[in-house]
């Protein structure tokens, strides 16, 4: 399960980069995949006993909806 979770987290980053670089007409499908990936990551983390930071989850949801002020923190050991 850890390999799948790690892969999904990598995919999350790739999708985010793709969303920010994509033309407006391409963002909807990427955002849908991003939301699905976030949901699957959250499910796997819950199953593994890891509880995701609620602030990160809210920011990710706002970002996936296209909220203008949303900022996703990536907590990979660096500043978010």
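Which percent of the Cα-Cα distances in the stretch 2-65 go past 18 Å?
Beyond 18 Å sits 34 percent of the P(r) for the stretch 2-65.
Once fully extended, how much extra length lies between residue 39 and residue 57, figured as 0.36 nm per residue of separation less the alpha-carbon to alpha-carbon distance?
Working it through step by step, the gained length comes to 5.5 nm.
Between residue 23 and residue 4, what length comes free when the chain is fully extended (0.36 nm per residue of separation minus the Cα-Cα distance, one decimal in nm)?
Gain in length upon complete extension: 3.9 nm.
Just order 4-13, 30-39 by mean Cβ neighbour count inside 10 Å, highest at the front, would you?
Per-residue Cβ counts within 10 Å, averaged per peptide and sorted highest first, yield 30-39, 4-13.
No value in this document is a laboratory result; all are computed from the given coordinates. Everything quoted here is computed from the prediction, not taken from an experiment. With ideal geometry, Cβ positions are generated from the backbone for all residues, glycine too; neighbour counts draw on all protein chains shown.
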